[in-house]
Amino acid sequence: MSAKGPRPLDPNTGNVSVPSFLKVKKLNEVVSYYMNDKVTHSLYKAISAASSFKNVKKRQLFEPHHKVPEVADLSPKEMDMHLKRLLEDGTVSQLAYLISQDVERPPEGLPCYAAIPETEALDLSRIYLELLDLSVSSLLVYLDRKPELNKALVWENMENDWDGGGVRKEAPFPQLFLYLRQAFQNEHFRITPNPEFVKDFLFELEDDLHKKGRVIDVPGYGLFGLKSPKEAVQILEYIDDFIETKGSKQLRYALFEEFQKIAMEEKFYYSNPSHPETTKFKIARAEAFATALPSGNPNPGSPGMLSVVLIRSLSEIAEKELQRQSSERDRNRFHDIKRNLLSESGSWEKKVLLVPDKEFKQFPEELKRMLIDDLEIGYSTWETKTSTIHSFFHKEANSVRQIILSLGAAMGVETWKILCIRQLVESNEPQIKSVFKEPDLVRAYGKVLRKGYMDYFPWYYSILDLLGIGRIFQDIFFAQAKEKIRIQQNQLKTKNHENSRKEEQAKVQEKIKEEERIRSAEQRSKISTAMDGYYFKMKVPPTAAEIQSSVPEFSPEQYYEILEREKFVFLTWEKGKERFDQILCYPGGDSFRNKARELHKILSEKLEFLQNKVRTTEEEDARFRITKVVKHVDEWFASNKSGEKSASPNNGAKKGKLEQEDPFESFRVEINKLRKTGTDA
């Protein structure tokens, strides 16, 4: 919401043209009757003497409350009269700047005046730019000192907007927005500022603050100040909580199905721990919320729309920040792993990372890439009877030396772990070969290998060793053991890859099923939303054909297939014998309870209105339809008493237990757990 477009170009020079409010005449360029007045002339000289860009930051440009040398104190009325004379002559220009008089309040505008001294530049551009710089600095100081928005304050403003408190007010949400235009409408501006100056000054202010990343435009509301992108993420959480609360309570009848569908998508997304946090589900809830607002007008400025427009405006910044945080978590986790592999502890267990394949697949892709591609980290895989193991160690010579010595001295180490580390060493041998120039270490490594190969030696090797002739056959047994290990690894690799493939196939099938459930929920929600427009806004029960025309994305066959599958209810009436002409009502599941209550209330009021007036043919048709639906709702409540203490739709104000367990709330609990797991990983 920029105050103006780009500056126009001077047709003669091709450069950006100087605005008229920065062009003033020198005294020798005018013939002025007013200059014969000693006070007016003295005022001009005072303004001219103070007109220097060096005086801006010292706040020494001439202001209406300043004294005029050689002149007695002027009243405000007298000062304004003489200033207007100079403005009329074009020898001075009224400018302004923003300054904080109170650190807890936004900067306010103050007028100042400037002329061109005989020895100075051709216009007031330098002074203007300094005034802008001073004003931007004042705004930044205010934004830095302003306390961060907390949940209570955000909700207070959202509630005010929900109740219609922001409608027709000039600056309804001062705790949230900067209203810069209002800064030039205070008591200091006894002379109305030049509209062109205000427009240009606001444009430059907003542009500078935008470039510094300190404000965003919120269409229909104003400039929203931000301390940092992190604040955008937090504010989005507050607003999303507000939307969820309103949507699952006051607008539950209209949003239950859509919110449940979004919750299904969100749960499915976060069930993969490698997925980073995202704002897309908050945006989806906000857009659904907008369409369900009682005002029926989802435009900025309408009651309830502040939360929606804020999410739209903040989501891009918040999404980039979430991506940055996710990348930072991956990098930090990578550096922690790398640092641990180089730990001072000599224990091999702390210097070798062994990760089962199932766990490794849940690592974020960026983390996996960094671990495998880092030139200082050695990587290989090993097959066990149950899984492929991904193994890592640091290639630094002393670290490798400590691993070998620690492993040689350790007791009771599982054979597969020894062989896994052997594979890790041999896979990265070209980079660590300098370690094996030490005879002691070579002997220690041989001892480690002996531990790992013993399980693959013939059973009688221990007898030969006891007789003192085991060493004679050792090289043969080593070669046989290596061959056995190679064959076993190939067999296990085939088996583990097949098991992994089956697991992946099972996940794909589950994903397909879940996507189908989500698609069904989306189809049902689209039809229900179209019906909501008839029932809750037009207050007329629709026919199946009328709803079909509202959802052109479905073919006729698909449309009626969805109606059958989801158990939408068809009600016959005088003009609705054929299926497509019958009244379409919502499915009669337990989630229908809240919608039915609101439905009964709205349609009963409309029915009472129609019965007490002379009706047109169209109104008579509406009366027939409404009567049918109200009867259907009454019958539904009579046969579905288990959800609350009273089955009557007229007891909506009494708080009964809606459901034994709210499916939407259970989704939210699961999603929050999944999100926490993902960020803690």
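List of remarks:
- Our Cα-only numbers for segment 100-160 put the radius of gyration and Dmax at 18.1, 58 Å.
- The trypsin sites (Lys or Arg not before Pro) of segment 374-428 that DSSP puts in a loop, and whose beta carbon has at most 13 other beta carbons within 10 Å, are 385.
- Listed by chain and number, the aspartates and glutamates whose alpha-carbon sits under 19 Å from that of residue 495, ignoring those within fewer than 8 places in the same chain, are 357, 359, 383, 483, 503, 504.
- Against the chain, whose longest principal axis comes from its Cα atoms, helix 663-680 is set at around 70 degrees.
- Kirkwood Rh in Å, taken over segment 195-333 so that all alpha-carbon pairs contribute: 16.7 Å
- Take the Cα of residue 18, step 7 Å toward its Cβ, do the same at residue 67, and the gap between the two points is 3.4 nm.
- Loop-located trypsin sites (Lys or Arg not before Pro) in segment 247-315 (DSSP state not H, G, I, E or B) with no more than 13 neighbouring Cβ atoms inside 10 Å: 249.
- Sorting 35, 79, 411 from the fewest to the most surrounding beta carbons within 10 angstrom yields 411, 35, 79.
- Helix axis angle, 592-611 relative to the chain longest principal axis, alpha carbon, degrees: 30 degrees
- Placing unit charges on each Cβ (+1 for Lys and Arg, -1 for Asp and Glu) gives the chain a dipole about its Cα centre, and among 186, 302, 390 the Cα reaching farthest toward its positive end belongs to 390.
- Here the contact order of segment 274-353, divided by its residue count and restricted to Cα pairs under 8 Å and six or more residues apart, works out to 28 percent.
- Net charge dipole size for segment 46-144 [Lys, Arg +1 and Asp, Glu -1 on Cβ; Debye, nearest 20]: 120 debye
- Exposure proxy order (Cβ contacts within 10 Å, fewest to most) of 573, 348: 573, 348
- Fraction in percent of alpha-carbon pairs per bin - 10 Å, the chain: 2, 11, 14, 13, 12, 13, 13, 11, 6, 3, 1, 0, 0
- For the residue pairs 280/567; 249/606; 54/227; 230/358, the alpha carbons lie more than 27 Å apart in 280/567; 54/227; 230/358.
- Part-to-part distance (alpha-carbon centres) for segment 175-221 and segment 297-357, which is given in Å: 35 Å
- Long-range HN-HN contacts of residue 383 with modeled amide H, under 5 Å: 389
- Among 603, 129, the order by Cβ neighbours within 10 angstrom, fewest to most, reads 129, 603.
- Working from Cα pairs under 8 Å separated by at least six residues, relative contact order for the chain is 10 percent.
- Remark: segment 332-503 projects, on average over all directions, an area of 11.0 nm² (convex hull of Cα atoms).
- Between amide H atoms placed 1.01 Å from N, distances below 5 Å from residue 569 occur with 585, 586, all of them 5 or more places distant or on a separate chain.
- Helix 125-145 vs. the chain, principal-axis angle (Cα, 0 to 90°, nearest 10): 50 degrees
- Calculated log₁₀ intensity ratio I(q)/I(0) where the Debye formula runs over C-alpha points of segment 283-424, q = 0.09 Å⁻¹: -0.47
- In sequence order, segment 409-418 has phi-based couplings of 8, 6, 10, x, 6, 4, 4, 5, 5, 4 Hz under the Karplus curve 6.51 cos²θ - 1.76 cosθ + 1.60, θ = phi - 60°, and Gly or Pro positions carry x.
- FRET efficiency, 1/(1 + (r/R0)^6) with R0 22 Å, evaluated for residue 179 and residue 241 via beta carbons: 0.25
Computed from the coordinates by the stated procedures, all read-outs in this text should not be read as laboratory data. If you're wondering where the values come from, they're calculated on a predicted model, not measured in any experiment. All Cβ positions, glycine included, derive from the backbone under ideal geometry; neighbour counts span all protein chains shown.
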